[in-house]
1. Counting helices only, and only those DSSP H runs with n ≥ 4, report the 222 nm mean residue ellipticity of chain A as the sum of -39,500 (n - 2.57) divided by its residues, in deg cm²/dmol to the nearest 500.
2. Using θ = phi - 60° and the Karplus curve 6.51 cos²θ - 1.76 cosθ + 1.60, what whole-Hz ³J(HN,Hα) does each residue of the stretch B:4-13 get, with Gly and Pro shown as x?
3. Report, ordered by chain and residue number, the aspartates and glutamates lying within cross-link reach of A:K14, taken as a straight Cα distance under 13 Å and ignoring same-chain residues fewer than 8 apart.
4. Starting from the Cα-Cα distance between A:Q195 and A:K61, subtract it from 0.36 nm times their residue separation and give me the gain in nm to one decimal.
5. Can you list residues from other chains, or at least 5 along the same chain, whose modelled amide H is less than 5 Å from the amide H of B:T37?
6. Note every residue of the stretch A:218-251 with a reduction of at least 20 square angstrom in accessible area, all protein chains present versus the isolated chain, computed with a 1.4 Å probe, or write none.
7. A:V36 to A:W82: extension gain in nm, 0.36 nm per residue of separation minus the Cα-Cα distance?
8. Mind checking which lysines have their C-alpha under 21 Å from B:K55, skipping anything on the same chain fewer than 8 residues away?
Amino acid sequence: MSNTATATGAWQQKKKAGEYVSKTLAYLFLLTGSLVMAIPFLWMLSTSLKEQGLEFEMPPKWIPESFEWSNYVFVLTEANVWHGYLNTMLVITLPCLVGLFMNSLAAYAFARMNFPAKNALFVMLLATMMIPGIVTMIPTFILFKNIGWVDSWLPLIIPGMFGAAPGVFLLRQFFMTIPKELEDAAKVDGLNPFQTFIRIMLPLSKPAVITQGLLGFLAGYNDFLNPLIYINSPEKFTLQLVLASFQGEYTSQWTYIMAGSVLALIPTLLLFFFAQKHFVEGITMTGIKG
Amino acid sequence: MKRKEYLWAYLFVSAPIVGFLLFAFIPLSYSVYVSFTEYSGYQPPVFNGTDNYAKLMNDELFWKTMYNTFYAALGIPIGMAVALGIATALNQKIRGIGLFRTLFFLPTISSVIALTLLWKWIFNDSYGLLNYLLEFVGIQGPAWLSSERWAMPAMIIQGVWATLGINMILYLAALQGVPKSLHESAEIDGANRFQRFFRITVPCISPTTLYILITSTIAALQDFPRFQIMTEGGPNYSTTTIVYYLFQNAFRYMSMGYASAIAWMLGLLILVITLLNFWLSRRWVHYE
């Protein structure tokens, strides 16, 4: 009896020591890793505040002697970053909001309602996720060119307002998990399906809808390919195009390029910070179900 | 009564379905046709049979860009292994997990353009950060992006760094779903840490591994904005990916027909690889 007790005690002690070692190793690993992740961003921040010409000082100074806030003033006013912000916001507001609403409506129907050809329609929609977007890139361009949409924001705004497969899919997975009794009660109360959706389902599914909204915002905000294809006039450039054009215009002025990059990061960083919980949970959910 | 509900349902799903028909189905059908024509985008397309596909077969540049794309895809297994390592470390009861998670996630929420401009500079041979750090350990770094040999490895490093966060989050979620009881009973049976990791953890998270593998393969085969910004496909086409080549053909040389043929070759390739992945996965993915 006492023998087994000491044996278990030794085993537990060994286990504890093992845990200690593994935790220390984990910390070392994570600290190195996160340093590697963070260094480029810190360098970006530091350079954005440096005086022109001192970007490449060796050894590099992490904290500049004087902070050149004028770099930010310059990129916001002279270098059109402000303009790019505005254009991006104008372009993504409608697709983000309307598209999100359309996605949720469709997702609700696919999750909860019965209708002929439901599965066929859903599979058809999912097929767009399998076929690489590259295949439709050229004919879509031709289509928009023929109806005179090239060099306007319409190709960036209109298609997104219809909603899209990934959003429908993610939200459908979520709606499937909501208890059915709530809907039945709504039905008894005489609500029509649209009212049920607006008053019962939508409020219940806030986290999923927020997550999908954020994903949509990030995708729209960071989209480079579509603006690159459709927009030619500099005054219509979205933020990403403005940033990309930086490297041509300010070839050797890295302080400006980095200030612009910092400014581009701020909105998504703030969003992530305030919505981290929903955001991470949403991704986690799709990860498991996908 | 039933019919009324059907109407509601069709109304609800109509927007994405109409969107699908207009912006996916019609362009998709048209692109098959365009791939069999000569088409500049200005004059109407002229049917030329399988000429585009025949040209592709003999286009050295096309094969080179194909090779480049697969070379770049080497980053996928590397990135997955690193992400799994980080997720494993984060899966313990660790202080500051939120901070670590945010740091690793930072590149995921950043603009691709800002990141690539940043890395373009890091890789600069004379005043970049990387070669400066390498000097500390006595290594004379190469001219990363302007060297035919090192440009692609540099792009792989940047790609791994940029996708680490999202893969880490997915793995972390999967790891938290691995039943503790399995580990405990194996431990009592005398299995050591490594045996437990490879015999229990790895099989348990294999569905997530498949998910990451498939989505990152599709993404890698279509990757190109960062190549355009960092190397413009050079030097000497060493970092021109298939999609970049397609893009150049379509929008720079205005040969839409030829570019459509490239698009369909790539589309088929992605389809075949995805199906192959699914088929092979039956051997190594364990569903409960």
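The values are calculated or read from the model by the stated rules, or taken from the named source; none is laboratory data. What you see is a predicted model; the values in this text were computed from it and never measured. Here the Cβ positions follow ideal geometry from the backbone for every residue, glycine too, while neighbour counts run over all protein chains shown. For the accessible areas, the whole protein counts, side chains as well, though only heavy atoms, and no ligand, DNA or RNA atoms are used. Shrake-Rupley method; radii C 1.70, N 1.55, O 1.52, S 1.80 Å.
1. Values: 13 runs with 214 residues, N = 290.
The per-residue figure over chain A is -24500 deg cm²/dmol.
2. Once rounded to whole Hz, the list reads 4, 5, 4, 4, 4, 4, 4, 4, 5, 8.
3. The reachable aspartates and glutamates, counting only those whose Cα sits under 13 Å from A:K14, are B:E187.
4. Working: separation 134, 0.36 × 134 = 48.24 nm, distance 6.04 nm.
Gain on extension, A:Q195 to A:K61, equals 42.2 nm.
5. Answer set, sorted by chain and number: B:N48.
6. For the stretch A:218-251, once contacts with the other chains are taken into account, A:L218, A:N222, A:F224, A:L225, A:L228, A:I229, A:Q240, A:L243, A:A244, A:Q247 lose 20 Å² or more.
7. Extending this stretch completely gives an extra 13.5 nm.
8. B:K64
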